[in-house]
Each structure stands twice: as structure tokens, then as C-alpha cells.
Amino acid sequence: MKKIEKYAAEATEFVGVCNRLAQNQYVTSSGGNLAWRLEDDLLLITPTKMYKGDVGIQDLVFIDMNGKVMEGERKPTGETLMYLKFFGLRQDIVTVIHCHAPYVCAMAISSGKNWLMRPIFPETTIEVGPVPMVPYAEPLTEQLAENFVPFLKKYNSFLMESHGLVTMSRGGIRETLMLVELLEMSAKSILQALMVGGIKELDRQAVRDLGNTMRTRSLPLFGDPEINASLEDLYFGS
């Protein structure tokens with residue numbers, strides 16, 4: 001059986017997310033890419049040089065963890081090295097989205113404080129977590145993939161300096177899209193608040209209480225399992 005037939009449901013969902021990213025203008029031109037770990041040695045990934053609003057089932061590519069194309073007529077995204085690094089170092093991660101959501105990207109080019117590292121909204125604090133800034137490197141390079149390494153074990157979302165956003169999750173691709181949308185709206189609110197005054201962070205006790213909320217909802221901590229001790233420690237240190 002062909003992989004596109006075996007994973008028809010996932011492929012349909014994957015295409016839907018590609019198209020929604022384009023509709024939201026979180027990707028433009030041929031920018032952005034997505035990947036889904038379907039098996040230990042099988043990734044579903046977007047094709048290179050293609051507008052995500054035009055991506056259809058027939059355009060999808062299946063690769064192994066060495067980047068070899070297993071099925072598909074197109075070449076995989078030029079950021080394949082980055083995805084191989086992500087899935088190689090984070091065995092818990094299932095799906096990843098890289099996009100250029102405009103408000104998040106405004107923070108990626110800002111010289112000011114990275115407010116996405118701080119607890120502002122309860123939902124973003126417990127669903128997305130802190131978002132560190134990964135230093136700039138030339139797109140499509142091994143260096144860009146390597147620049148993620150110091151951050152990959154601790155976090156699930158990353159600002160790419162002067163570039164964009166990467167968000168990953170242990171769920172399907174729609175779940176990761178919802179995290180991207182939540183983060184984008186949070187970034188929009190933060191930027192608007194900065195125009196009219198300062199930012200109010202959640203204090204340490206509030207974050208400690210949100211740790212209880214995560215346990216009640218059975219939400220896992222961000223990062224590689226067992227790396228982070230608590231939500232409070234992640235935002236404020238031990």
C-alpha cells in the first residue's frame with residue numbers, strides 16, 4: 001500500500017493546515033514548512049518552493065530520518081535539515097510548523113525585550129510556554145539547524161531571529177496550528193499593550209497556581225520529558 005493511502009487521514013489534515021496558514025497570511029510566497037512524524041523513520045513534509053495555499057495531496061512528500069524521499073513527486077522543503085534535527089533530538093515530538101505569523105515576526109525582528117519568554121496570559125503560559133529567541137543563521141543551512149540545539153530540550157516554541165516562528169507539539173498538525181494561532185494573538189495583544197502602556201506579567205504565585213491547572217488538565221510540561229521541574233521553575237528559575 002502506498003504511504004499516501006495508508007496515511008490518507010493525516011495527509012488530508014496536513015493539507016488543510018497548509019491552506020489555513022496561507023489563508024491566515026502566516027505564510028506568503030513559498031515561505032514556511034510543516035512536518036509530521038508518522039513512524040519512527042517516516043516523516044510527512046511539505047514540498048519545496050510552493051505556496052502553501054496551493055498545496056494538495058498530490059504535492060506531499062514522505063522522507064525517512066536521513067532525508068531520503070520515500071514517496072512523492074516533489075522535492076522536500078529546503079529546511080529538511082532543520083526538521084531532521086528537531087525529530088532526532090526530540091523523540092516526544094510528533095508535529096512541527098514553521099511559519100511567518102506577522103505579529104510574532106514583529107517580535108522576531110524587535111531589539112526590545114522578548115515578552116514571549118514571560119508569563120502574560122494564562123492560556124499561552126500553560127499551552128505554549130516560554131518562547132526563546134534562536135540566533136539568526138542563513139536559511140536552509142546546517143548552521144540554522146544547529147542554532148536550535150541549546151534550546152530544543154527545554155522549550156516547544158522558538159522565535160527565529162529576523163526570520164519567523166517554529167512551534168512543535170506531541171499532537172497532530174491541527175493541534176500545533178492551534179498553538180501557533182494562540183501565540184500569534186498573544187503577540188498581537190502584547191504589541192498593542194506596549195503602544196498604550198507597560199505590560200503586566202503574571203506573578204510567581206499565579207504561575208505556581210497555573211502549574212496546578214496543568215496537572216488537573218493532564219497537560220505535560222514543555223520540553224523533553226523530565227527536563228523541566230515545574231512551570232514555576234521554567235519561568236522564574238529554582
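FYI, it's all coordinate maths here, none of it is from the lab. Since we're looking at a predicted model, the values are computed, not measured. When we count neighbours, we look across all protein chains shown, and the Cβ atoms used for this are built from the backbone with ideal geometry, even at glycine.
How many nm is it between the label spots at LYS6 and ASP64, if each spot is 7 Å from the Cα in line with the beta carbon?
It is 1.3 nm.
P(r) for the range 114-217: what percent of alpha-carbon pairs falls in each 10 Å bin, starting at zero?
Going out from 0 Å in 10 Å bins, the range 114-217 shows 13, 41, 35, 10, 0 percent.
Counting other Cβ atoms within 10 Å, which trypsin sites (Lys or Arg not before Pro) in the range 82-162 have at most 16 and lie in a DSSP loop? All intermediate terms of the calculation are to be shown ahead of the outcome.
Working: sites: LYS85, ARG90, LYS113, LYS153, LYS154; in loops: ARG90, LYS113, LYS153, LYS154.
Here the trypsin sites (Lys or Arg not before Pro) that fit, given the DSSP loop and packing criteria, are LYS113, LYS153, LYS154.
Just the projected area, averaged over all directions, of the convex hull on the alpha carbon atoms of the range 1-77: how many nm²? Intermediate results must be reported in sequence, preceding the final value.
Details: hull surface 18.1 nm².
Mean shadow area of the hull around the Cα atoms is 4.5 nm².
Students often forget the sequence filter, so: which lysines lie under 18 Å Cα-Cα from LYS75 once same-chain residues fewer than 8 apart are removed?
Within reach: LYS2, LYS3, LYS49, LYS52.
Taking the Cβ of each residue in ILE63, ILE199, ILE190, ILE97 as the centre, tally the other Cβ atoms inside 10 Å and list the residues starting with the fewest. Don't skip to the answer; put the middle values down first.
Details: ILE63 23, ILE199 12, ILE190 19, ILE97 27.
Going from least to most buried by this count: ILE199, ILE190, ILE63, ILE97.
Could you list ARG174, ARG118, ARG37 in order of exposure, starting from the residue whose Cβ has the fewest other Cβ atoms within 10 Å?
Working: ARG174 14, ARG118 18, ARG37 21.
By the 10 Å Cβ count, ascending, the order reads ARG174, ARG118, ARG37.
Rounded to the nearest angstrom and ordered from largest down, what semi-axes does the equivalent ellipsoid of the chain get from its C-alpha gyration tensor (root of 5λ)? Numbers along the way, then the final one.
Details: eigenvalues 180, 76, 53 Å².
Sorted largest first and rounded, they come to 30, 19, 16 Å.
Do you know the relative contact order of the chain, to the nearest whole percent, from alpha carbon pairs under 8 angstrom that are 6+ apart?
On the way: 413 pairs, mean separation 44.5, N = 238.
Relative contact order here is 19 percent.
Can you spot the aspartates and glutamates whose alpha carbon is less than 19 Å from LYS113's alpha carbon? Ignore those fewer than 8 places along the same chain.
Within the straight-line limit of under 19 Å, LYS113 reaches these aspartates and glutamates: GLU161, GLU184, GLU201, ASP203.
Among ASP41, ASP59, rank each residue by its count of other Cβ atoms within 10 Å, from fewest to most, as a rough exposure measure. Each step should come with its number before you reach the end.
On the way: ASP41 13, ASP59 16.
Going from least to most buried by this count: ASP41, ASP59.
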